[in-house]
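Asker: Take a look at this one; I'll ask things after.
The values are calculated or read from the model by the stated rules, or taken from the named source; none is laboratory data. Keep in mind that this is a model prediction, so the values were computed, not measured. Quick reminder, even Gly has a Cβ in these numbers, built from the backbone with ideal geometry, and neighbours come from all protein chains shown. We work out accessible area using only protein heavy atoms, side chains counted, and drop any ligands, DNA or RNA first. Shrake-Rupley method; radii C 1.70, N 1.55, O 1.52, S 1.80 Å.
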Amino acid sequence: MTAPLLSVRDLRVTFQTPTGVVRAVRGIDLDVAPGEILGVVGESGCGKSATFRALLGLSPASASVVGDVRWDGTPTDTSGGLQPHAAMIYQNPGAALNPVFTIGQQLALVAGTDDPVRLSELLDQVGLPDPPKALQAYPHEFSGGMRQRAVIAFALAQKPRLLIADEPTTALDVTTQAQILDLLASIREERNLTVVFVSHDLAVISRIADRVAVLYAGRVAEIGAVDDVLQRPTHPYAAALIRSTPSPAMVGEDLATIPGLVPDGRAEIFGCAFADRCDHVIDACRAETPPLRATSPTHAAACIRVEDGA
Amino acid sequence: MRYLLRRLLTSLGVVLGVVTITFVVARLVPSDPAALYAGPRARPAQVEQVRQDLNLDASIPAQYVSYLGDLFTGDLGISFANRRPIAEDLLNFLPATLELALLATGLSMAIGIPLGVWAAARQDRRRDNGIRLVAVTSVSVPVFWSALILQLFFANRLGLLPLSGRTSSDVEFAERTGFFLIDSVLSGSPSNVGDVLTHLVMPVIVMAAYPLGLTIRLIRGSMLEVLGEPFIEAARLGGVPERTVLFRLALKNALAPALTILGLTFAYSVSSAFLVEAVFNWPGIGRYLTDAIIRVDFPVITAATLVITVIYVLVNLLLDLLQARLDPRVELE
């Protein structure tokens, strides 16, 4: 792998809540290569959003964010260090747009220019039809797909090097999803952008991502090239997650489920966080937290059964 | 435009309803208007004469119809107490109250809105707690008390401001609009303007206290809601300066829901002006109305109720139009 654009080591995000300390992220190691699309998957509460919100400085003031973060090789703030370089695309484009200002007024603020020609260009790049008219429109006059295109235009207006897309297609219908995925892929090509694509939908990830990181209980369980991870999962959790994803080839079959629940953020975890739900659990699993170990130059997993193959 | 016409028509219905109710109530009260008008020492023959003159011997429905007819021509009837046309008296007293209420509402918004925004921007921090204390204090201090304290300090002790009234006794200018601030400016004499202003200071502050606290609390509350929205986070991430985020992007969202209630505080100020007017000897509609109530002057009570109703209805209409301007999702249908 070329020198990473973003490198995260042992990131820990902890929230103080009235019911106790919640460990949302429990030591994540992650590299993002320049120009790649990294998919980040996992169940709800596994720390997908918390990780990137922390890096963007969006954690609540009471949260503690520690770890080692490097941008382009240079150490940077753990909390918020990404902000000057990254832009965000939201899950619900309706909520990410201000309802009482026109698209043009909002875009002008983030683009730092009032020039209608320049603003129309930005809307044109994300495939919004009739940009001069779209600038005058209010968000509620747009469809969901058009709103998401507008949100992407806002993100591009900030001239980011890294685009963080937090479930950007989850709230859209399937045909619109496909259009937005194509748009993101083509924008990445044109601008040589780096994209982190957070999703719980493995089908979407397999379609758009180059590499994928599977998160479990605030740690990376498995990370590698999309084909490696999805075709030959090593970590029992990744394997179970893939088995529990419906596909057209499985019509009529029962869908596999993973017994049990993701450990609560308040719980102390000793050893492997997945041990209680794992079919292959042995005593050694509960003794120590398994580190990420490479199985090939492009593939690594955090499971005690993985032999160091690199 | 069609919306406006329809709203004006329904507003007319509301006013008609209030007119009918006040009319009926005034006639249900067991007292004889003719006797009241004729005075306590009138002979029965004189009372009878008054009854005929005022058309009070007609049937109640006939009186109602002729009353409505008079209203449409702007005739609000004649006061029992001073036998003057009520419409003329109201034209004298109403501007005095409106001048107070407009300035008080304007002042409370000019101060309350930024304070509410600043408080919300620093939720639960020291500045927020300080501003909330101001808000609670200003809604809870009774008008008569704060008025007396101000008078004691600024008029009696320091002699900086006049104790009461709209002008000093030696100041005179043409009352063209009844709004003394405008009239004094029209008179072209700076000393007149200064005199009117110094008389306005204390009553306006006292009257503004309650709406000020309400404004702070409402704006703070609806700002807190808006500041939690993803589009605010997105704007901050996009590098929009915090001032613009607070006072433009967030405030326009927060203003629309708060405005409905804030506008009604203006109408409330008009109808609750009597305390302020009593303390500051201010010849407004509140004092006119309280005097009428004490003297059981039914035509005046009915007419003043009607005027206050009309003010409420108009303010409501104005607020709806303003809300539609602030929020493009509100359709005027």
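Asker: Taking all protein chains as present, what is the carbon and sulfur share of the accessible area of the range A:261-310, in % to the nearest whole number, probe 1.4 Å?
Answerer: Accessible surface attributable to carbon and sulfur in the range A:261-310 totals 52 percent.
Asker: Can you compute the FRET efficiency between residue A:2 and residue A:182 using 1/(1 + (r/R0)^6), with r the Cβ-Cβ distance and R0 = 35 Å? Round to the nearest 0.05.
Answerer: Calculated transfer efficiency: 0.85.
Asker: Output the 0 to 90 degree angle, nearest 10, between the alpha-carbon long axis of helix B:251-271 and the longest principal axis computed from the alpha carbons of chain B.
Answerer: 20 degrees
Asker: For residue B:266, what accessible area in Å² do you get when you roll a 1.4 Å probe over the heavy atoms of the protein chains, rounding to the nearest 10?
Answerer: We get 30 Å² for residue B:266.
Asker: Counting only C-alpha contacts under 8 Å and six or more residues apart, can you give the relative contact order of chain A as a whole percent?
Answerer: Values: 617 pairs, mean separation 60.5, N = 310.
Relative contact order here is 20 percent.
Asker: If you average the C-alpha positions of the range A:284-302 and of the range B:291-314 separately, how far apart do those two centres end up, in angstrom?
Answerer: Computed from Cα coordinates, the inter-centre distance equals 84 Å.
Asker: The range B:257-333: Rg/Rh from Cα coordinates, Kirkwood Rh?
Answerer: Rounded to two decimals, Rg/Rh equals 1.13.
Asker: Could you name the lysines in cross-link range of residue A:159, using Cα to Cα under 25 Å and dropping any fewer than eight places away on the same chain?
Answerer: Cross-link targets: A:48, A:133.
Asker: So, one more: Can you tell me the 0 to 90 degree angle between the C-alpha axis of helix B:86-121 and the longest principal axis of chain B, rounded to 10?
Answerer: The helix B:86-121 is inclined about 20 degrees to chain B.
Asker: Here's another thing I want to ask about it. Can you give the calculated 222 nm mean residue ellipticity of chain B, where each DSSP H run of n ≥ 4 adds -39,500 (n - 2.57) and the sum is split over every residue, rounded to the nearest 500 deg cm²/dmol?
Answerer: -23500 deg cm²/dmol
Asker: Out of B:175, B:229, B:277, any idea which swings most in a Gaussian network model of chain B, alpha carbons joined below 10 Å?
Answerer: B:229
Asker: Turning to a different aspect of this structure: Just tell me how shielded A:96-108 is by partners: mean number of partner chain Cβ atoms within 10 Å of each residue's Cβ, no decimals.
Answerer: Numbers: counts 7, 4, 12, 8, 14, 7, 1, 0, 0, 2, 6, 1, 0.
Average per residue, whole number: 5.
Asker: Could you give the nm distance between label points at residue B:295 and residue B:123, where each point is 7 Å from its Cα heading toward the beta carbon?
Answerer: Label-label distance for residue B:295 and residue B:123, simple model: 5.5 nm.
Asker: Assuming R0 = 25 Å, what is the FRET efficiency of residue B:56 and residue B:14, from their Cβ-Cβ distance, to the nearest 0.05?
Answerer: 0.35
Asker: Once you place label points 7 Å from the Cα toward the Cβ at residue A:9 and residue B:75, how far apart are they in nm?
Answerer: My value for the distance between the label points is 9.6 nm.
Asker: Still on this structure, please answer the following. Where does each of B:73-79, B:192-198 land if you order them by average Cβ count within 10 Å, highest first?
Answerer: Taking the mean over residues of other Cβ atoms within 10 Å, the ranking is B:192-198, B:73-79.
Asker: Taking the Cα atoms only, what angle lies between the long axis of helix B:2-28 and the longest principal axis of chain B, rounded to 10 degrees?
Answerer: 50 degrees
Asker: Taking 10 °C and 1.306 mPa s as the conditions, I'd like the Stokes-Einstein D for chain B in µm²/s, using the Kirkwood hydrodynamic radius from alpha carbon pairs. List each step's numbers first, then the result.
Answerer: Numbers: Rh = 22.9 Å.
So the translational diffusion coefficient is about 69 µm²/s.
Asker: Kindly list the residues of the range A:221-240 that lie in the label zone of residue A:249, defined by a backbone N under 15 Å from the point 7 Å along the Cα-to-C-beta vector.
Answerer: A:227-233
Asker: Using the heavy atoms of the protein chains and a 1.4 angstrom probe, tell me the accessible area per residue for the protein assembly as shown in square angstrom.
Answerer: For the protein assembly as shown, the solvent-accessible area averages 49 Å² per residue.
Asker: What is the mean number of Cβ atoms from other protein chains located within 10 Å of the Cβ atom of each residue in peptide A:61-72, rounded to a whole number?
Answerer: If you average over the peptide's residues, the count of other-chain Cβ atoms is 0.
Asker: From the square roots a ≥ b ≥ c of the eigenvalues of the alpha-carbon gyration tensor of the range A:195-235, which class results: rounded (a/c under 1.5), prolate (a/b over b/c), or oblate?
Answerer: oblate
Asker: Per-residue mean of other chain beta-carbon atoms within 10 angstrom of the beta-carbon, peptide B:176-182?
Answerer: Working: counts 0, 0, 0, 0, 0, 0, 0.
Averaged over the peptide's residues, the number is 0.
Asker: Along each of the three principal axes of the Cα atoms of the protein assembly as shown, give the extent in whole Å, ordering the values from largest to smallest.
Answerer: So the extents along the principal axes, rounded to whole Å, are 120, 60, 54.
Asker: Rounded to the nearest percent, how much of the accessible area of the range B:108-209 (1.4 Å probe, protein heavy atoms only) is carbon and sulfur?
Answerer: Ligands and nucleic acids excluded, carbon and sulfur give 63 percent.
Asker: Right, here's the next one. For chain A, modelled as a GNM with alpha-carbon contacts under 10 angstrom, which of A:225, A:284, A:63 fluctuates the most?
Answerer: Looking only at A:225, A:284, A:63, the largest GNM fluctuation is found for A:284.
Asker: Once you order the gyration tensor axes a ≥ b ≥ c over the Cα atoms, which shape class does chain A get: rounded for a/c under 1.5, otherwise prolate or oblate by comparing a/b with b/c?
Answerer: Judged from the Cα gyration tensor, chain A comes out prolate (a/c at least 1.5, a/b above b/c).
Asker: Label points 7 Å out from Cα along the Cβ direction at residue A:298 and residue B:35: separation in nm?
Answerer: 10.6 nm
Asker: With each run of n ≥ 4 DSSP H residues scored as -39500 (n - 2.57), what mean residue ellipticity at 222 nm is computed for chain A after dividing by its residue count and rounding to the nearest 500 deg cm²/dmol?
Answerer: Dividing the helical sum by the residues of chain A leaves -8000 deg cm²/dmol.
Asker: Taking square-rooted eigenvalues a ≥ b ≥ c of the alpha carbon gyration tensor, is the range A:102-251 rounded, prolate or oblate, where a/c under 1.5 means rounded and, failing that, a/b exceeding b/c means prolate?
Answerer: prolate
Asker: If you don't mind, another one. For a label point 7 Å from the Cα of residue B:92 along Cα→C-beta, name the residues of the range B:174-189 whose backbone N is under 16 Å from it.
Answerer: Within reach of a label on residue B:92, which here means backbone N under 16 Å from a point 7 Å along Cα→Cβ, the range B:174-189 contributes B:174-180.
Asker: If you don't mind, another one. So for the protein assembly as shown, taking the charge dipole from beta-carbon charges (+1 Lys/Arg, -1 Asp/Glu), which of A:187, A:170, B:171 sits furthest toward the positive end?
Answerer: Checking the options against the dipole of the protein assembly as shown, the answer is B:171.
Asker: Can I ask one more? Taking 8 Å as the Cα distance limit and 6 or more residues as the minimum spacing, I'd like the relative contact order of the range B:60-207 as a percentage.
Answerer: About 23 percent, as a whole number.
Asker: Among A:79, A:186, A:49, which one shows the biggest mean-square fluctuation in a GNM of chain A, springs joining Cα atoms closer than 10 Å?
Answerer: Comparing A:79, A:186, A:49 in the GNM, the peak value goes to A:186.
Asker: Now for a separate question. Hey, could you pull the Cα Rg and Dmax for the range B:61-175, both in Å?
Answerer: 22.0, 66
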